[in-house]
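One structure is given here, and the rest of the page talks about it.
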Amino acid sequence: MSLLELSNVCKRSVHGGRVVLQDASLSIDAGELVAVWGLRGSGRTTLLRLAAGIDAPDSGTVRFDGRDLAEHGEKILGRELGYCQKSFRTAGGRWAIEEVVLGLLVNGTAPAQARARAREALERAGGESLATRRLSELDSAERTRLAVAHALALEPRLLIIDEPVAGVDLHERDGVLLLLRSLADEGIAVLMTVGDLTGLAGADQSLTIGDGELCGSRKRELAQVADLSLRRQASA
C-alpha cells in the first residue's frame, strides 16, 4: 500500500467551474521524491492542497496510509503530513526559530523540548544560522529551509512543498533541491512542484500537469532528460 494515493481525483475552480484536475491519479511510497512540473495556473498548487487534505476533491479519493483525508485529514495534516508554508508574518521582528517553536507548542510540546527540537530541525534543514536571524531578514532560500524545518520538527512521513526554489538565487537552487533529495533518501516521502524542467533532476517520479491532466508517472525518465540538459548547459 502506498503512503499517499490519489485515485481518479477531479476538481473544479470555485469561480467559473473551470476543470483544474480531471481524473488525476498518483501514488507515492515512503522515501520517494516526486516532482510535478507545469505552467502557472495549470493546477500545481491545487494538486498539492488536495494531496495534503487542505481542500477536498469534487470526486475521487485521497488516502494517506490507507486513511481517507476527507475524514481523517485534521489528525494527519501537521503531524504525519507536513505542508510547507514559505510565507511568514514578519511584523514584530520575530526570530525565525520562534516560527518552528510555535508549531511545536501548538501540538503540545513542552517549551524547553520545543526549542531543542526546533534547533535540531533547523540544523537538519541546513538552516542552523537561522536561529539567530529575524524573519524579515531571510531571503527566498532561507525561507524555504525554514519552512522545511517547521514541518520536519513534527517528524512527518510526507513533506509537501510548492515551488521550493521559486525566487531562489541560481547558486542556492541546487542546495535546496539536494536537501529535499536527502530527506527522501532518509525515508521521508516528498511531493513538490517545480517551475522549470531542471527541477525534475533527481526525482523518483517526474510528472507534468496541464489542461486538467496529470501525466508522466515514468520514474526517473524525465529527470534524466533534465539532468542531461543541465550537463549540456554546464559544458556550453
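The values are calculated or read from the model by the stated rules, or taken from the named source; none is laboratory data. Just so it is clear, the model here is predicted, and its values are computed rather than measured. Virtual Cβ from ideal backbone geometry, glycine too; neighbours counted across all protein chains shown. Only protein heavy atoms, including side chains, enter the accessible area calculation; ligands, DNA and RNA are left aside. Shrake-Rupley method; radii C 1.70, N 1.55, O 1.52, S 1.80 Å.
Give me a count of the residues in the stretch 135-187 that are crowded, with 17+ Cβ neighbours inside 10 Å and outside any helix (DSSP H, G or I).
Result for the stretch 135-187: 14.
Any residue at all in the stretch 137-155 that's under 15 Å from I28 (Cβ atoms) and among the β-branched types (V, I, T)?
no
Would you point out the residue of the stretch 29-56, among those that are among the hydrophobic types (A, V, I, L, M, F, W, C), open to solvent by less than 50 Å² (accessible area, probe 1.4 Å) and in contact with a Lys or Arg (Cβ under 9 Å, 6 or more places away or on another chain), that is farthest from A166 (Cα to Cα)?
L50
A quick yes/no check of all residues on (1) at pLDDT below 95; (2) under 19 Å from E80 (Cβ atoms):
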site	(1), (2)
L122	no, no
V148	no, yes
V165	yes, no
D169	yes, no
I188	no, yes
G212	yes, no
E221	yes, no
